[in-house]
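Take this structure first; my questions come after.
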Amino acid sequence: MPNMRDIKRRIRSVENTKQITKAMEMVAAAKLRRAQERAEAARPYAEKLGEVVTSIATGTQGVSHPMLTSRPVKKTGYLIITSDRGLAGGFNGNLLRKLVATVKERHQTEDEYTMFVIGRKGLDFLKKRGYPVLDSVVGLPDDLDFADVKAVAKNAVRYYADEQFDELYLLYNEFVNPVTQIPVEKRLLPLEDLAQEESGNSPAYEYEPSAEEVLESLLPRYAETLIYSAALESKASEQGARMSAMGSATDNASEMIGKLNLHYNRARQAAITQELAEIVAGANA
C-alpha cells in the first residue's frame, strides 16, 4: 500500500485536475450558448436564399443548371467538419469512424473520391492515413464567421461545377442538445431535391437581367451557405461535447478524490494502530 505522503500528493494532483476540468466545463457552457445563438441567427438567411432558389428552379420554364441535375458518378467529394482541439469526448472520433466506414463501403480505390477538411483533428487523421485531401482550413475561431470557411466552401463548390467530381457529401456533427451530437452525412450537391420541390404558395419574383443569370449566381452561394450553416452546427456540437466531457471528468475526479481520501484515512489509522502496538509492546518489555 502506498504511504500517506504519496496518497496526499496524489489527492492534490487530482484536485488540481478537477479545478481545470471544472473551469473548462464552464467556459464550454458559455461558448455553447454563443454558438447556438450564431447558428440560429444564420438560419433565416439560408432559408430565404433557399426559397428564392427553389422559386426559380421550380417556377421558371426552361431554367436548368448543372448543380440541380445528377450525372453519372465517377468520383465523389466529401467535406468533413471536425474541431481543431480535442478534449471533447467522442466528437471527432465518432465522425471520423463514420467517414472511414462510408469510404470503405462505397469505394474500391482512392481514385474514386477526394476530400475537403475543416478542422485540424480531421486533417491530421486523414493525412496520417494517406487519404486524398484536396483542400483544408484549420485554426477556426470559436466565433465563426462566413469568411473563415468561405475559401474551402467556394473551392468545394467550384470543383463540383468544373466536374472534378460528380457529387459532394457533407459530414459533420448535428447539434441536438448539449449532451447529444449525432454524426450525419448529407448530400450537398447536386441539389436535385431542391429542384424537385413544389413552389406551393411561395411569392412570385421578378428577375433582372434574367432568371438563368440569377440562378447561376445564387446556386453556388446557396451551397456555400449550407456549408457555413453546417460549420456553425458543428461548433455548437463541439462545445456541447466538450462541456459534457469536462463535466464527466470533473465527476470522475470527485469520485477519485473520495476513494483516495478513504485510502489515506485507512493508511493513517493503520499507522496509528502500529504506533500504539509498538508503545504497548515497549511498555510490557
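The values are calculated or read from the model by the stated rules, or taken from the named source; none is laboratory data. It should be emphasised that the depicted structure is a prediction, and the values quoted were computed from it without experimental measurement. All Cβ positions, even for glycine, are placed from backbone atoms using ideal geometry, and neighbour counts span all protein chains on display.
Restricting attention to region 1-34, which residues are exposed (fewer than 13 other Cβ atoms within 10 Å of the Cβ), over 28 Å from D143 (Cβ atoms) and of a type in the set (A, V, I, L, M, F, W, C)?
The answer is M1, and nothing else.
Take the residues of region 35-49 that are surrounded by 13 or more Cβ atoms within 10 Å (Cβ to Cβ) and farther than 9 Å from K235 by Cβ: which is farthest from the chain's Cα centre (by Cα)?
Selected residue: L49.
Next up: What do you reckon, is E112 of a type outside the set (A, V, I, L, M) and more than 30 Å from M246 (Cα to Cα)?
Criteria met by E112.
Examine region 178-185 for a residue that is touching a Gly at 6+ places or on another chain (Cβ under 9 Å), closer than 20 Å to E110 by Cα and touching a residue at least 40 places away in the same chain (Cβ under 8 Å), and state whether such a residue exists.
No, the conditions are met nowhere in region 178-185.
Within the bounds of region 130-138, is there any residue that is out of contact with any helix residue (DSSP H, G or I) (no Cβ under 7 Å at 6 or more places or on another chain) and surrounded by fewer than 16 Cβ atoms within 10 Å (Cβ to Cβ)?
There is at least one residue in region 130-138 that is out of contact with any helix residue (DSSP H, G or I) (no Cβ under 7 Å at 6 or more places or on another chain) and surrounded by fewer than 16 Cβ atoms within 10 Å (Cβ to Cβ).
Within the set of pairs 6+ apart or on separate chains, which have a first residue in region 12-26 that is under 11 Å from S254 (Cα atoms), a second that is surrounded by fewer than 16 Cβ atoms within 10 Å (Cβ to Cβ), and C-beta atoms under 8 Å apart?
Filtered contacts from region 12-26: K18/S254.
So, one more: I'm trying to understand the selection: among the residues of region 129-144, which are under 29 Å from L32 (Cβ atoms) and of a type in the set (S, T, Y)?
Passing the criteria: only S136.
Can you tell me which residues in region 211-245 are more than 27 Å from G90 (Cα to Cα) and small (G, A, S)?
Once the filter is applied, which keeps residues that are more than 27 Å from G90 (Cα to Cα) and small (G, A, S), region 211-245 yields A211, S217, A223.
Now for a different question. Of these, D193, D84, which one is within 27 Å of A41 (Cα to Cα) and modelled with pLDDT of 90 or more?
Only one candidate qualifies: D84.
Got at least one residue in region 140-148 being surrounded by 18 or more Cβ atoms within 10 Å (Cβ to Cβ) and within 26 Å of R106 (Cβ to Cβ)?
Checking region 140-148: not a single residue is surrounded by 18 or more Cβ atoms within 10 Å (Cβ to Cβ) and within 26 Å of R106 (Cβ to Cβ).
Return the residues of region 207-239 that are farther than 18 Å from L188 by Cβ and among the aromatic types (F, W, Y); say none if nothing qualifies.
Of everything in region 207-239, just one residue is farther than 18 Å from L188 by Cβ and among the aromatic types (F, W, Y), namely Y207.
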